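Report on the structure given below.
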Amino acid sequence: MPYVISSLCRDCVDTACAAVCPVECIYEYKGEDKETFPNQLYIHPEECIDCGACEPECPWQAIFTDESIPEIFKDDTLLNAKIMDRKDEFEVARTLEKSKPTPEEVLANKRKWGLEA
């Protein structure tokens, strides 16, 4: 899996990454199983072309290559891969304008998930 959206996206769901994705491989979960698929975006591992356009666009710094994802988020690689088994419950993420987080908000979100910046 070239790129992975981590838990840092959870409940933040900024779609700037989806706006720049040339192959529309960033998805939102639309099903009922919110325990398995929390409120965040997901990258389809077989559709991602490893272009890297999404990573710098994420204001929450939630996107990593699968090789560089912090250990604390390793399970997010598997979570993104689960999209392949239940693709009918996902839709390509629609681009919505959102105000960008402050550096302090980004740092607080990282700390919330156990990632010291």
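The values are calculated or read from the model by the stated rules, or taken from the named source; none is laboratory data. Note that the structure is a prediction, hence the values are computed from the model and not measured. Cβ sites come from the backbone with ideal geometry, for glycine too, and all protein chains shown count toward neighbours.
Could you list, in sequence order, the residues of the range 1-25 that are buried (at least 21 other Cβ atoms within 10 Å of the Cβ) and farther than 22 Å from residue 72 by Cβ?
18, 21, 25, listed by residue number.
Yes or no, residue by residue, for (1) modelled with pLDDT of 95 or more; (2) among the β-branched types (Val, Ile, Thr); (3) not in a helix (DSSP H, G or I):
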| residue | (1), (2), (3) |
| --- | --- |
| 1 | no, no, yes |
| 4 | yes, yes, yes |
| 8 | yes, no, no |
| 22 | yes, no, yes |
| 27 | yes, no, yes |
| 32 | yes, no, yes |
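Is there a residue being among the polar types (S, T, N, Q) and assigned to a helix (DSSP H, G or I) anywhere in the range 40-57?
The answer is no, given that none of the residues of the range 40-57 is among the polar types (S, T, N, Q) and assigned to a helix (DSSP H, G or I).
Looking at 114, 52, which is the one that is in contact (Cβ under 8 Å) with a residue 40 or more places away in the chain, over 21 Å from residue 2 (Cβ atoms) and not β-branched (Val, Ile, Thr)?
None of the others qualify; the one that does is 114.
List the number of the failed condition for residue 67; all other conditions in (1) surrounded by fewer than 19 Cβ atoms within 10 Å (Cβ to Cβ); (2) modelled with pLDDT of 95 or more hold.
(2)
Please list, ordered by first then second residue, the pairs with beta carbon atoms under 8 Å, 6 or more apart or interchain, first in the range 71-87 and within 16 Å of residue 30 (Cα to Cα), second exposed (fewer than 15 other Cβ atoms within 10 Å of the Cβ) and not charged (D, E, K, R).
Taking only residues 6 or more apart or on different chains, the pairs are 82/36; 86/31.
Which residue pairs have Cβ atoms closer than 9 Å, lie 6 or more positions apart in sequence or on different chains, and pair a first residue in the range 31-44 that is within 14 Å of residue 14 (Cβ to Cβ) and touching a residue at least 24 places away in the same chain (Cβ under 8 Å) with a second residue that is β-branched (Val, Ile, Thr) and part of a loop (DSSP other than H, G, I, E, B)?
39/13; 40/13; 41/13; 41/15
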